[in-house]
Amino acid sequence: WMLALLSGHRLSLSTDEGLAIIDELMESAEVIKANIHGGDGVLHIINKVLLPDFVQSACPPANTSTPPPAPASTGYPNLVAAVSAEGLTTLAAAVSAAGLGSLATNGTTAITLLAPTNEAFAAAIAALNTTAEELLANAAQLIAILQYHVVPGVLPTSAMVDRQDLDTGLPNHELKLFKTVPGWSVVDELMRHADLEKVDIKAGNSIVHIIDNVLLPDISPTPPSPVQYPNVTTALAAAGCNLLNFALQAAQLSQVVDSPQAAITVFAPSDTAFLAAVAELGLADPTGLLDPFFADYVLKTLTYHTIPDVRPSSSLTNDEVLATNLPNNTITVNTGSGVVLTDMRGRQAAVTQADIMAGAAVVHVIDKVLFIADAIPQKPTRKLL
């Protein structure tokens, strides 16, 4: 449970072991005597002083009248145009660095974007003990953070509900929405909150709400192997292979790999590996894979990353040639120093995380995309007559 205070700060309630109150610094105070009535109020005695987070909070002081979030008066053709016009330069740089520019300029995209201010990004960079340059260079982390700020579908403030759970573009990670005075606030999985400062900015078919804090998902360290997940796409999300999940969904293969009968091995390129392969294909960003011109090549390449039986890393032998689900395309294994795979073009990919159990399948994360024997398709350029 979340309690909104008159000061604008928040407390959380926990009933796991008795009744405890958690402050914004994640310190817990136990209620040692409850329900002491006095006049029109009630008193609960606690064993610790609760402290607000003056660093992260952007709350007004008590008894201060704060105007409600300002609605947008002008619509924009797409998300990039809206972000640029609203002066959100750090967010714009992050979208570009993550290779998501084409998706954000597509006016037909229908999503809700929670857009942090430049000041919010500066505070988050300090909290993450990194620099802007390091954050923009860390593609996997950047993509996960950006996906966490996307809510599928269009959610204007008129459709918001207090204590509403919000799915995000980052699989299996949610946000929670709270009605505050005078507007709305969203809380992430680390119990950090962001207030909606400017709302209902139309951007093509999407909508943007500007927020005063960067939202962070709770991505815990990967447990020791073997890890068990219910299916392949859940395992890929947990391992940070979000772009592979995107490609599988675009190629309509998600249900195939998630089938309870899919006793397969998946070699899963990391997001960094995927972005490097996208560049090798001559594409500006991953959305280029949606071009029907590349559909056959993408389908074959994804199929090539699976083999038709379950092979934990301990069963792979040196110089073994693996038959894949793509006919006449094999993968050669080297176990001299870890597990290294050689594709049909002689390129090598190292297994960086092995033996992730996913339903009937097993997933090994690799640091490069494996290329098939077929030549990379070259899209012809149009000539002006």
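Fully extending the segment from V181 to F293, taken as 0.36 nm per residue of separation minus the present Cα-Cα distance, adds 35.2 nm.
Stretch A110-L51 to full length: gain in nm at 0.36 nm per residue minus the Cα-Cα span?
Details: separation 59, 0.36 × 59 = 21.24 nm, distance 4.00 nm.
In short, 17.2 nm is gained.
Expected output is a single nm value to one decimal: the length gained when fully extending between S96 and T335, i.e. 0.36 nm times separation in residues minus the C-alpha distance. What is it? Length gained, S96 through T335: 82.3 nm.
Normalised per residue, the accessible area of segment 99-177 is 44 Å², obtained with a 1.4 Å probe and no contribution from ligands, DNA or RNA.
When only Cα pairs below 8 angstrom with a gap of at least 6 residues are kept, segment 274-339 shows a relative contact order of 22 percent. Each peptide in 319-328, 202-211, 260-269 was scored by the mean count of other Cβ atoms within 10 Å over its residues; highest first, the order is 202-211, 260-269, 319-328.
In the context of the full set of protein chains, residues of segment 341-381 present 43 Å² of accessible surface per residue (probe radius 1.4 Å, heavy atoms only).
State whether segment 217-311 is rounded, prolate or oblate according to the following rule on the C-alpha gyration tensor (a ≥ b ≥ c being the square roots of its eigenvalues): a/c under 1.5 gives rounded; otherwise a/b larger than b/c gives prolate, and the remaining case gives oblate. Oblate shape, in that a/c is at least 1.5 and b/c is the bigger or equal ratio. Charge tally for A263 (other residues, Cβ to Cβ under 11 Å; Lys, Arg +1; Asp, Glu -1): 0.
The values are calculated or read from the model by the stated rules, or taken from the named source; none is laboratory data. Keep in mind that what you see is a predicted model, and the values were worked out from it rather than measured. Glycine gets a Cβ as well: all are built from the backbone with ideal geometry, and neighbour counts include every protein chain shown. Side chains included, ligands, DNA and RNA excluded: accessible areas come from the protein's heavy atoms. Shrake-Rupley method; radii C 1.70, N 1.55, O 1.52, S 1.80 Å.
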